[in-house]
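What follows is a short report on a single structure.
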Amino acid sequence: MSDDDALWWAKVRSGGPQRVTPDSAYPAGMTRLVEPDARAVWLLPDLPDNARPDVLEELGLSGFPVDQRGDTARVLASCLRCCWSEPSGPIWPGTSASLDDVAASFRAITDTRDDRARHAALLGAVRRLAASGWVGFDEEQRTVRLGPRVAAWNAAELSTLRELWRSMP
Amino acid sequence: MTATTDGQHPVFGPVLSELNERHRDEVLTAFAAVEHGRDPVPEAQLAALRDATLRRHLRRLLDRVGRTLVQVGNGHWTSGYADDVAARLSAEGWQPLPAIDRAVLVLVLVHSVAIPRSQGLLSGDSWTSAHPTSADELVRYAQLPRGEIRPALQRLRAAGLVQSAPWRGRGPDTGTAYLPGPALNRLTPSARQRLEHQLILAAAPESPLAASIRAKQAASEHTDGDR
């Protein structure tokens, strides 16, 4: 392990998963997620199980608050429903889905608020999720795909998510 | 999980292998608490923060990912970027925050910390504060469209760099106000000082204090150049 490895870990900590060219960086302890077209690789830190954020709950400590927590979680669930095309397989990279498909899934699991408010909630949540690497959002094409962070979910978490996927309309 | 041929985690393994199972768990738990927790963690809660030997191992673990332990007040701990790593990131021009976010953050720091400190209302070198800056003040001083400031504040809030607070000030301002967020606790003593110097240089570049800071910086660069 070198000083450059520590620098990569700091970059991911400050800027989220890093997208690099396939032959440019091999930091120790990071998973390399190859993009479907093999033109880029995402660097994602690989933490031991008991050093992950879910430890906070066991300790009764707060993590960073998420704006509009409920809607953000529901929109992430809708993205998973639309982009995880084969839930018996790996979650990454999944497939691209139109924002309209995600909106339809979101509509099916949200309350009866009016279309305008629901659309604003959807867009806000997709942008928040995109900024933190949970989804990719192409605003011009109005398409959504899963972001590199989903590859950090472990087997137990994926098993719960598969149940969620099956229960969603 | 990535692992070397001996099954060790390539980053954490060498430090953890020196510990027994119980101490390994305690050090990793403390790592998760200081790295992912919103606020500084009381040392009374975790053995690896309380015990100086375990704390040394925790510090080594953090060092391997470019981080360090930061003490906050009496008996609370969090983590932050190690000074040498922060210096290398700056030298590379690494900057994940857009310019508008940095401008809004500076305004919150000036109004919630620097001005109250200059009035004797805040002591110490912390960049946290209980003096809110109203959203109206931010719009007035930033001279930027409200439509650009709002998303910047949302991003800063998501990063823990600002937090919402009720506006309790005098005057016509109403509604939301902002305070420096819990991430400011993560600044090392050296980073806190650098931030203070930068604000003095920006706010009062002709002052004797700014001249003294510039002289110290020049001397330090000269010394580094000689090494």
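The values are calculated or read from the model by the stated rules, or taken from the named source; none is laboratory data. Computed from a predicted structure; not experimentally measured. No Cβ is skipped: glycine too gets one built from the backbone with ideal geometry, and neighbour counts run over all protein chains shown.
Some observations on this one:
- Residue within region A:123-141 that is buried (at least 18 other Cβ atoms within 10 Å of the Cβ), closer than 26 Å to A:ASP54 by Cα and of a type in the set (Lys, Arg) present: yes
- Flag if B:ALA33 is crowded, with 21+ Cβ neighbours inside 10 Å, at the interface with chain A (Cβ under 9 Å from one of its Cβ atoms) and touching a residue at least 60 places away in the same chain (Cβ under 8 Å): no
- Annotation for region A:54-77: no member residue is in a loop (DSSP other than H, G, I, E, B), more than 14 Å from chain B (Cβ to nearest Cβ) and of a type in the set (D, E, K, R).
- Residue within region A:83-90 that is surrounded by 21 or more Cβ atoms within 10 Å (Cβ to Cβ), more than 14 Å from chain B (Cβ to nearest Cβ) and either over 15 Å from the mean Cα position of the chain (by Cα) or farther than 25 Å from B:LEU187 by Cα (or both) present: yes
- Residue satisfying all of: in region A:17-31; outside any loop (DSSP other than H, G, I, E, B) and under 21 Å from B:PRO14 (Cβ atoms); nearest to the chain's Cα centre (by Cα) among these: A:THR31
- Taken over region A:142-169, the criterion of being farther than 20 Å from A:ARG52 by Cα and surrounded by 17 or more Cβ atoms within 10 Å (Cβ to Cβ) is satisfied by A:THR143, A:VAL144, A:ARG145, A:LEU146.
- Among the residues of region A:141-169, those identified as assigned to a helix (DSSP H, G or I) and among the hydroxyl-bearing types (Ser, Thr, Tyr) are A:SER159, A:THR160, A:SER167.
- Condition met for A:ARG39 (of a type in the set (Lys, Arg), in a helix (DSSP H, G or I) and more than 24 Å from B:GLY181 (Cα to Cα)): no
- Among the candidates B:ALA47, B:ALA52, B:ALA30, the residue that is among the hydrophobic types (A, V, I, L, M, F, W, C), more than 21 Å from A:PRO53 (Cα to Cα) and not assigned by TED's automatic domain parsing to the domain that holds B:VAL162 is uniquely B:ALA52.
- When residues in region A:28-42 are screened for being more than 9 Å from chain B (Cβ to nearest Cβ) and either buried (at least 17 other Cβ atoms within 10 Å of the Cβ) or among the polar types (S, T, N, Q) (or both), 3 of them pass.
- When B:SER112, B:SER17, B:SER79 are checked against the criterion of being among the polar types (S, T, N, Q), in contact (Cβ under 8 Å) with a residue 24 or more places away in the chain and either on the phi > 0 side of the Ramachandran plot or within 13 Å of another protein chain (Cβ to nearest Cβ) (or both), a single residue qualifies: B:SER79.
- Positions within region A:108-132 being closer than 21 Å to A:PHE64 by Cα and among the β-branched types (Val, Ile, Thr), in sequence order: A:VAL126
- Selection within region B:183-197 - more than 12 Å from B:LEU156 (Cβ to Cβ), in contact (Cβ under 8 Å) with a residue 40 or more places away in the chain and in a helix (DSSP H, G or I): B:ASN185, B:ARG186, B:PRO189, B:SER190, B:ALA191, B:ARG192, B:GLN193, B:LEU195, B:GLU196
- Among (1) touching a Pro at 6+ places or on another chain (Cβ under 8 Å); (2) modelled with pLDDT of 95 or more - the single one A:VAL75 does not satisfy: (1)
- Checked against (1) buried (at least 17 other Cβ atoms within 10 Å of the Cβ); (2) touching a residue at least 40 places away in the same chain (Cβ under 8 Å); (3) closer than 27 Å to A:ASP54 by Cα, A:THR110 meets all criteria but (2).
- Among the residues listed as A:ASP49, A:ASP101, A:ASP115, the single one being within 14 Å of chain B (Cβ to nearest Cβ) and either surrounded by 15 or more Cβ atoms within 10 Å (Cβ to Cβ) or over 16 Å from the mean Cα position of the chain (by Cα) (or both): A:ASP49
A quick yes/no check of all residues on (1) more than 11 Å from every other protein chain (Cβ to nearest Cβ); (2) within 16 Å of the chain's Cα centre (by Cα); (3) buried (at least 19 other Cβ atoms within 10 Å of the Cβ):
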{"site": "B:GLU92", "(1), (2), (3)": "no, no, no"}
{"site": "B:LEU105", "(1), (2), (3)": "yes, yes, yes"}
{"site": "B:SER129", "(1), (2), (3)": "yes, yes, yes"}
{"site": "B:THR133", "(1), (2), (3)": "yes, no, yes"}
{"site": "B:ARG140", "(1), (2), (3)": "yes, no, no"}
{"site": "B:GLU148", "(1), (2), (3)": "yes, no, no"}
{"site": "B:PRO151", "(1), (2), (3)": "no, no, no"}
{"site": "B:LEU156", "(1), (2), (3)": "yes, yes, yes"}
{"site": "B:GLN163", "(1), (2), (3)": "no, yes, yes"}
